[in-house]
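Inspection log for the structure reproduced underneath, given as structure tokens.
The values are calculated or read from the model by the stated rules, or taken from the named source; none is laboratory data. In this text, all values refer to a predicted model and were calculated from it rather than measured experimentally. Cβ placement follows ideal geometry from the backbone for every residue including glycine, while neighbour counts extend to all protein chains displayed. Calculation scope for accessible area: heavy atoms of the full protein, side chains included, ligands and nucleic acids excluded. Shrake-Rupley method; radii C 1.70, N 1.55, O 1.52, S 1.80 Å.
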Amino acid sequence: MKILITGGAGFIGTNFCYYMLKKHPDYEYVCMDSLTYAGNLHNLEKALENPNFKFVKASISDREAVDKLFAKENFDIVVNFAAESHVDRSIENPSIFLETNIMGTAALLDASRKYGVKRYHQVSTDEVYGDLPIDRPDLFFTEETPIHTSSPYSSSKASADLLTLAYARTYKMPVTISRCSNNYGPYQFPEKLIPVMIQKALNDENLPVYGNGLNVRDWLYVDDHCSAIDLIIHNGREGEVYNIGGHNEKQNIEVVKTILERVGKPESLITYVKDRAGHDLRYAIDPAKIHAELGWLPETKFADGIKLTIDWYLNNRAWMDDIFSGDYAKFNETEGGKYA
Ligand code: NAD
Ligand code: TDX
């Protein structure tokens, strides 16, 4: 079995590479990543020691490079993590989100079709459903919830989902889609809530909480996302969408206070700042379908996962320093070039 993992030098992709190498050591893996600011080749150093793992520096939007790779490798499965993933950046500059998330997905779908890939899996997000009211804890996103996006990011992800489903219907392509809630864990880039707060707390800097801090996110430890995708690509039904989430809803302010307590820093560091434009109020996944069909359940409770995550950042301060000094980008540039 040969699997293409796109976006494997980013947060979830990196965790997925290690999860799969451990779970299916006999498979062959190719990671394709263009190493944007969110990609970090250092993440994959251990994986690259494995003869079954290869890295290719290329963009999913580069049709020539994509075609060349597919022609050479004859993939059985494609798992597309590659994306621009940060909502705030999409508000500042939507166009790269459309280019990567929509046109890049289209290029991968075309190559998967041309070369007869047996399963194309699109990694999507619960943000395609928009948001839920804070005062209706009885409501959850199901796979039947209408698409109703709020940000350029979520709109680009929804577009990619619709394209993927259109290829399933029109060309009878064997596709699956997963829509996951907020992930947390090792290797998350320090622009997302949890690593931002850990990093600032460790440096005694103010912790910027958007708006009133009462927005709710449904947190999933990254390995639980990986196990769900592993099940879907092997046993999920073609043409289906699966929601992934573990009933771990927390207000942002609760998450921030938990981090401060764990690292022993005072709540006086919390600073309320201007709210995000169009800020989604609440995300909450109903994972009944993936549980019923594939037997998936998350293994890590938030209380345990957040400890594991904070400990990882404490034990890997060099990883964070390397990002803030900009050294990782230089490494991506020089080392990444060797894999072009
Ligand atoms: P990330 O930003 O940490 O990583 C994205 C990776 O994609 C980086 O390695 C980057 O270099 C690469 N990339 C970007 N543009 C590329 C291109 N044109 N060609 C090749 N590679 C490119 O993102 P993440 O948080 O790991 O998210 C991975 C996927 O999961 C995304 O599709 C995202 O929409 C989805 N998702 C994320 C979350 C979450 O909480 N982080 C939740 C649900 C779904
Ligand atoms: O500094 C901050 N302060 C703050 O209050 C940051 C970075 C975020 N926030 C808030 C905004 C959100 O309510 O925390 C919440 C989480 O924010 P992000 O980490 O930016 O994640 P979110 O916007 O919820 O989107 C994430 O989950 C779904 C991922 O970034 C997406 O890629 C994924 O699809």
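Among L231, P287, C180, which residue has its Cα positioned farthest towards the positive end of the charge dipole of the chain, with +1 placed on the Cβ of Lys and Arg, -1 on the Cβ of Asp and Glu, and the dipole taken about the Cα centre? Checking the options against the dipole of the chain, the answer is L231.
How much of the calculated P(r) for the chain lies past 37 Å, in percent of all Cα pairs? Looking at the chain, the distances longer than 37 Å represent 13 percent of pairs.
Within straight-line reach of K68, meaning a Cα separation under 27 Å, sit the following lysines at least 8 residues removed in sequence or on another chain: K2, K46, K54, K57, K114, K118, K157, K172, K330, K338.
Annotation: amide H of Y272 within the under-5 Å range of V209, sequence separation 5 or more or interchain, hydrogens built in the peptide plane.
Residue ranges 246-258, 287-299, 264-276, 180-192 sort as 180-192, 246-258, 287-299, 264-276 when ordered by packing (mean number of other C-beta atoms within 10 Å per residue, highest first).
By definition, a body whose alpha carbon gyration tensor gives a ≥ b ≥ c is oblate when a/c is 1.5 or more and a/b is not larger than b/c, and the stretch 1-124 fits this oblate description.
The apolar share of the surface of the stretch 1-124, taken as the fraction of accessible area on carbon and sulfur atoms (1.4 Å probe, ligands and nucleic acids excluded), comes to 52 percent. Per-residue 3J(HN,Hα) values for the stretch 226-235, derived from phi via the Karplus relation 6.51 cos²θ - 1.76 cosθ + 1.60 with θ = phi - 60°, read 4, 5, 5, 5, 4, 5, 5, 5, 8, 10 Hz in sequence order (x marks Gly and Pro).
Summed over qualifying helices (DSSP H, 4 residues or more, each -39500 (n - 2.57)) and divided by its residue number, the chain shows a 222 nm mean residue ellipticity of -12000 deg cm²/dmol. Pairwise inverse Cα distances across the stretch 200-340, averaged and inverted, put the Kirkwood hydrodynamic radius at 18.0 Å. Look at the Cα gyration tensor of the stretch 246-311: its axes a ≥ b ≥ c give a/c of at least 1.5 with a/b at or below b/c, and that counts as oblate. Spacing of the modelled spin labels on R237 and H24, each 7 Å from Cα toward Cβ, amounts to 2.1 nm. For the chain, the longest principal axis of the alpha carbon atoms and the long axis of helix 193-202 meet at an angle near 50°. Looking at the chain, the accessible area is 43 square angstrom per residue; that uses a 1.4 Å probe and ignores ligands, DNA and RNA.
Couplings 3J(HN,Hα) of the stretch 159-176, computed from phi: 4, 4, 5, 5, 5, 4, 5, 5, 5, 5, 6, 6, 9, 6, 7, x, 10, 9 Hz, in residue order, whole Hz [Karplus 6.51 cos²θ - 1.76 cosθ + 1.60, θ = phi - 60°; x for Gly and Pro]. Relative to the longest principal axis of the Cα atoms of the chain, the long axis of helix 252-263 makes an angle of roughly 80 degrees.
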